[in-house]
1. When segment B:267-297 is examined, which residues are found to be farther than 26 Å from B:Ile314 by Cα and either out of contact with any helix residue (DSSP H, G or I) (no Cβ under 7 Å at 6 or more places or on another chain) or exposed (fewer than 10 other Cβ atoms within 10 Å of the Cβ) (or both)?
2. Where the second residue is acidic (Asp, Glu) and the first is open to solvent by less than 10 Å² (accessible area, probe 1.4 Å) and lies in segment A:91-117, which pairs have Cβ atoms under 7 Å and are six or more apart or on separate chains?
3. Do we find a residue being within 16 Å of ligand 2 (Cβ to nearest atom) and of a type in the set (Ser, Thr, Tyr) anywhere in segment B:13-25?
4. State all residues of segment A:236-279 that are within 16 Å of ligand 2 (Cβ to nearest atom) and open to solvent by 20 Å² or more (accessible area, probe 1.4 Å); if no residue qualifies, say none.
5. Can you give me the number of residues within segment B:79-99 that are within 9 Å of chain A (Cβ to nearest Cβ) and open to solvent by 10 Å² or more (accessible area, probe 1.4 Å)?
6. Output the residues belonging to segment B:110-140 that are in a helix (DSSP H, G or I), among the aliphatic types (A, V, I, L, M) and more than 17 Å from A:Phe106 (Cα to Cα).
7. Select the helices (runs of 4 or more DSSP H) contained entirely in segment A:204-279, then report the ones holding at least 3 residues which are over 17 Å from the mean Cα position of the chain (by Cα) and within 14 Å of chain B (Cβ to nearest Cβ).
8. Scanning for something outside any helix (DSSP H, G or I), in contact (Cβ under 8 Å) with a residue 40 or more places away in the chain and touching a strand residue (DSSP E or B) at 6+ places or on another chain (Cβ under 7 Å), does segment B:261-281 turn up at least one residue?
Amino acid sequence: MKRTALSLLKQIKNNLILGQRLYLIALQDSFIFRLNFLFLRLRNIFFLLSITFLWLSLYQDGSDLFGYSKEKMLTYIIFVALLKGIVLGTKTNDLAPTIKNGELTFRYLIRPWNIAWVWFCQDWAAKSIDLFFLLPEVFFIAFIVGFSIWLPHSLLTWLIFIILVFLAVIFNFLFRFIISLSGFWWEEVWAPNWLFGIVLLEIFSGVFFPLDILPSLWQKVIYWTPFPYLLFFPVKFLLGQVSSPYSVILILLIWIFLAAIVMQNLWRRGLKTYSAFGG
Amino acid sequence: MKKDWVTVKNLSKYYRVIRKEPGLKGTLKSFWKPRYEVIKALRNISFSLKAGELVGFIGPNGAGKTTTLKILSGLLYPDQGEVRVLGKIPQQRHFSFLSQISFVMGQKKQLWWNLPPWETYQLNKIVYQIPEKVFKQRLEKLIHLLEVEDLIHLPTKRLSLGQRMKCELIAALLHQPKVLFLDEPTIGLDVVMQKKIRDFIKEYNREKKATIVLTSHYMRDLEELAQRIIIIHQGQIVFDGPWEKIRNYYSQQKLVKIRLRRQLEKADCPQFIVPLLQYPEMKLFINRSQLNSLLSWLSSRPEVEDLAIKDLPIEEIIRRFYNQLRN
Ligand SMILES: Nc1ncnc2c1ncn2[C@@H]1O[C@H](COP(=O)(O)OP(=O)(O)O)[C@@H](O)[C@H]1O
Ligand SMILES: [Mg+2]
C-alpha cells in the first residue's frame with residue numbers, strides 16, 4: 001500500500017519535471033517564427049480596438065444595454081481577451097502535420113511517455129506566449145477606457161473562477177486534440193481546424209460579444225454546446241451574473257469526461273488506420 | 001543457450017493505398033467511395049535473434065526492411081503473424097518495452113530541428129529516468145567517442161547530415177537500449193563518416209551486448225559489421241545465414257565483361273559462349289574453374305578490345321537466392 005503510494009508520487013513528480021522540460025522546449029521552438037507573430041499581434045490589437053470603440057459608441061447615451069452597464073461590458077471585453085489567451089491558446093494545431101509527416105512515430109510514439117500529457121504541456125507554452133503579448137495589449141485597451149473596470153472583491157469568487165478556467169483549459173485541449181486527430185484520416189486538416197477551432201469555438205464561446213445579447217432561442221441552442229462554458233460563463237460569473245457556478249463546473253466536467261472518451265477512442269482507431277496506410 | 005530477444009513468426013504486412021482517378025471527378029469519387037489497392041510489403045517472414053546478436057538486413061529499395069523494423073518497434077501493426085521483442089508484444093507499447101529499445105532512421109529525426117541536440121538529451125534523461133550522474137557519464141563518453149563536443153549546443157538544423165546522425169545516435173543510446181534498430185544509418189554519408197559510424201555501432205554491440213538490427217540496401221556496407229545476414233527481397237526472406245556462405249557463393253562465380261571491336265563468329269567460339277553472344281558488349285557469369293581457359297582463349301582473339309573481371313553484383317546474388325526460393 002505504502003509502496004504503491006510512493007511509486008505513484010514518484011510518477012507524478014517525474015511527469016511534472018517532464019512537463020516543465022517540454023514546456024521549455026515548446027517555448028523555445030515557438031519563438032523561432034517571429035514575423036508570423038507580429039502579424040498575429042497586429043490583427044489582435046486591431047480587433048480589440050475596433051470592438052472596444054464599437055461598444056463605446058453604443059454606450060454613448062449612458063444607459064445600460066442588454067443588462068450590461070458600460071463598465072461591465074468593458075470588463076467583459078478585457079477579461080475575455082485575456083482568457084482567450086489562457087483558455088484557447090494551444091499547440092495542438094501542430095499535431096495534424098506531425099501525423100502527416102511521420103514525426104509522430106519517430107518523435108512521439110517511440111518514447112515511453114503519455115502522448116496526451118506531452119501535448120497538454122506544450123499547450124502551456126502557446127498560452128504563455130499569447131499571454132506575454134496579450135498583457136500589454138489588454139493593458140493598453142484598459143488605459144484607453146480609463147480603467148473603468150468592474151472587479152469582484154470576494155476571494156471565493158476568484159477561487160471558483162480559477163477552477164472554472166482550469167476546467168476550460170482542459171476541455172479546450174481535449175477538443176482541439178480531437179480535431180487534430182482528423183489528420184489520421186484527412187489530407188486537408190486546415191478545414192476542420194478552421195471551422196471548429198476558430199469559427200464555432202470563438203463565436204460560441206463569446207469572444208466577439210456576450211452571448212446573452214442574442215435572441216433566447218439562439219442562446220438555448222448554444223448553451224447545449226460546450227463552448228459558452230469556456231469563456232462566456234467564467235467571465236460572466238466574475239461579473240457576478242451567474243448564480244450557480246457549481247452547475248457550470250458540473251457541465252464542464254461532463255463535457256471533459258465525454259471528450260476524454262472520444263479522444264481515447266479516436267486515438268486508438270487512428271493508430272490502426274495509420275498502420276494500414278503506413279505512417 | 002542464449003535466449004531469443006526477437007522472434008518473428010509468419011509475419012505479413014499489407015499497406016492500403018487509395019487509388020485515385022485523375023481529375024476533379026476522380027477526386028470526388030475517391031472521397032465518397034475510395035478504392036483501395038493493397039501492397040504486400042511483407043509476406044510470411046520468420047526469423048529470430050539472440051541476445052547480443054548483430055544482424056544485417058539487406059535488400060534492394062522497397063524490399064520491406066523499414067516495414068520490418070517499424071513492426072518490431074511497435075510503430076505498425078502486423079496483418080498476420082506473431083512478433084515478440086524482449087518477450088513483449090511491441091504494439092502494446094508498454095513503457096517497459098519502449099524504454100528498452102531504440103529506433104534510428106537515416107532520414108527521419110527525433111531531434112528537435114530548431115533546438116540544439118542537448119535539449120533532446122535533457123528530455124530523454126527525464127523520459128527514460130536516467131539518474132543525473134549516470135546520464136553525465138554516458139553523455140560524456142558518447143560525445144567523446146563520436147567527436148561531437150562542439151556540436152551538441154548548436155541548433156540541429158545547422159548540423160551537416162553526418163553530424164546530425166551522430167547526434168541522433170547519442171539520443172538513441174543514452175538509455176542504453178537492449179535492442180537497437182538502425183534503418184540505413186549511413187545513408188547519404190561520405191565514406192569516412194560511414195566507417196566511423198559502423199565502427200561505433202560495432203563497439204556498442206561488443207561492449208553492451210545489445211541486439212542490433214541494421215539495414216542497408218548496399219551489401220558491402222555490412223560486410224565487416226555483421227556476422228549474420230538476412231537478405232530480403234519483395235517482402236520475403238531469401239537468405240538467412242553467416243557471411244561466409246554468401247562470400248562462398250559469390251566467390252565461386254565471376255562476372256566477365258567483354259568489349260568487342262567486331263562481332264565474334266559462332267564457329268570460332270567454345271560451346272558454352274554461343275548462346276550468350278552479344279555485340280558490342282557481353283556479360284558472362286563464369287565459374288572460377290572455367291575462368292582460366294576462358295581468359296586464355298579470349299586473349300588470343302583479335303575481336304576483343306577490352307575485358308574486366310568482377311564479383312557478382314549483389315542484385316544478381318539476391319536474384320539467384322530469390323529464384324532458388326521459388327523453385
Ligand atoms: N506508407 C506506405 N504506403 C504504401 N506503401 C508503402 C508505404 N511504405 C512502404 N510501402 C511499400 O512497401 C514496400 C516495402 O517498403 P519498405 O519497407 O519501405 O522497403 P525498404 O525499407 O526495404 O526500402 C514497398 O513496396 C513500398 O513501396
Ligand atoms: Mg527503407
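The values are calculated or read from the model by the stated rules, or taken from the named source; none is laboratory data. These numbers were taken from a predicted model, which means no experiment stands behind them. Reconstructed Cβ throughout: ideal geometry from the backbone, glycine too, with neighbour counts over all protein chains shown. Surface areas here come from the heavy atoms of the whole protein model, side chains and all, with no ligands, DNA or RNA. Shrake-Rupley method; radii C 1.70, N 1.55, O 1.52, S 1.80 Å.
1. Listed by number, the residues that qualify are B:Ala267, B:Asp268, B:Cys269, B:Gln271, B:Ser296, B:Trp297.
2. Listed pairs, sorted by first residue: A:Thr92/A:Asp123.
3. The answer is yes; a qualifying residue exists.
4. A:Gly279
5. The total comes to 7.
6. Selection gives B:Ile126, B:Val134, B:Leu139.
7. Fully inside segment A:204-279 and qualifying: A:245-277.
8. Checking segment B:261-281: at least one residue is outside any helix (DSSP H, G or I), in contact (Cβ under 8 Å) with a residue 40 or more places away in the chain and touching a strand residue (DSSP E or B) at 6+ places or on another chain (Cβ under 7 Å).
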